[in-house]
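K.L.:
Below are the structure tokens for one structure; questions will follow.
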Amino acid sequence: MSYPIAGQVKDYKATEYVTDHPIIPHGLSVVMTSPAVFEFTAAMCPERHIEAVKALGGDVTNLKEEDAGRALADVLRKYMQDMKVDNGLSALGYGTEDIPALVRGTLPQERVTRLSPRTHTEDDLTQLFEDSMTVY
């Protein structure tokens, strides 16, 4: 999902980047969808998501497996907000009208998407992009 986000950039220039052209750095393109993606993938391996919550300093006391994705997404959202990371794809210049092109740009990235613990459809990708328009 990150490749089309970075590759279809319109006019966004990352803060503190000295550049004469629009650019969305790869890490920023990854983190934009991470909360939604982890909520989506958690059902397939909740124990790993709980481990990530703990590693990132989140509270895992009484955390149920079915809440692992939400908990990890919440920890990421808090980091994003604390670090003043742009609030979702809309802050990078994307709108819902861009989602079909973002999905089409994701589909050929099977080398990466096959690593997901959960299979996905075009509808799933559409929903993940929609859920990433605003993150926190």
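Just so you know, all these numbers are worked out from the coordinates, no wet-lab data involved. Just so you know, these numbers come straight off a predicted model, no measurement behind them. FYI the Cβ positions are ideal-geometry reconstructions off the backbone, even for glycines, and counts take in every protein chain you see.
K.L.:
Show me the ranking of peptides 76-89, 112-125 by mean Cβ neighbours inside 10 Å, starting with the highest.
P.N.:
On the way: 76-89: 15.9, 112-125: 12.0.
Descending packing order for the listed peptides: 76-89, 112-125.
K.L.:
Next up: By its C-alpha gyration tensor, with a ≥ b ≥ c as the square roots of the eigenvalues, how is the chain shaped: rounded for a/c under 1.5, else prolate for a/b larger than b/c, else oblate? Mind showing how you got there, number by number?
P.N.:
On the way: a/c = 2.20, a/b = 1.38, b/c = 1.60.
Oblate.
K.L.:
Sorted by packing (mean other beta-carbon atoms within 10 Å per residue), highest first, where do 33-41, 16-24, 96-104, 128-136 land? Numbers along the way, then the final one.
P.N.:
Values: 33-41: 21.3, 16-24: 10.9, 96-104: 15.3, 128-136: 18.8.
Most protected by this proxy first, the peptides run 33-41, 128-136, 96-104, 16-24.
K.L.:
Straight-line reach from LYS13: which lysines have Cα under 19 Å away, leaving out those fewer than 8 places along the same chain?
P.N.:
Excluding near neighbours in sequence, the set is LYS84.
K.L.:
Given charges of +1 on the Cβ of Lys and Arg and -1 on the Cβ of Asp and Glu, with all other atoms neutral, how large is the dipole of the chain about its Cα centre, in debye to the nearest 20?
P.N.:
Working: 13 positive and 21 negative charges, 64 e Å.
Dipole of the chain, to the nearest 20 debye: 300 debye.
K.L.:
Let me ask something else about it. Using just the helices of the chain, give the 222 nm mean residue ellipticity in deg cm²/dmol: DSSP H runs with n ≥ 4 each add -39,500 (n - 2.57), and the total is spread over all residues, rounded to 500. Can you show the working numbers first?
P.N.:
Working: 7 runs with 69 residues, N = 136.
One gets -15000 deg cm²/dmol as the mean residue ellipticity at 222 nm.
K.L.:
Report the extension gain between ASP82 and THR134 in nm, rounded to one decimal, defined as 0.36 nm multiplied by the number of residues separating them, less their alpha carbon distance.
P.N.:
On the way: separation 52, 0.36 × 52 = 18.72 nm, distance 1.54 nm.
Length gained between ASP82 and THR134: 17.2 nm.
K.L.:
Mind giving me the nanometre distance, one decimal, between the label points for SER116 and ARG104, set 7 Å out from Cα along Cα→Cβ?
P.N.:
Placing both labels 7 Å along Cα→Cβ, they lie 1.9 nm apart.
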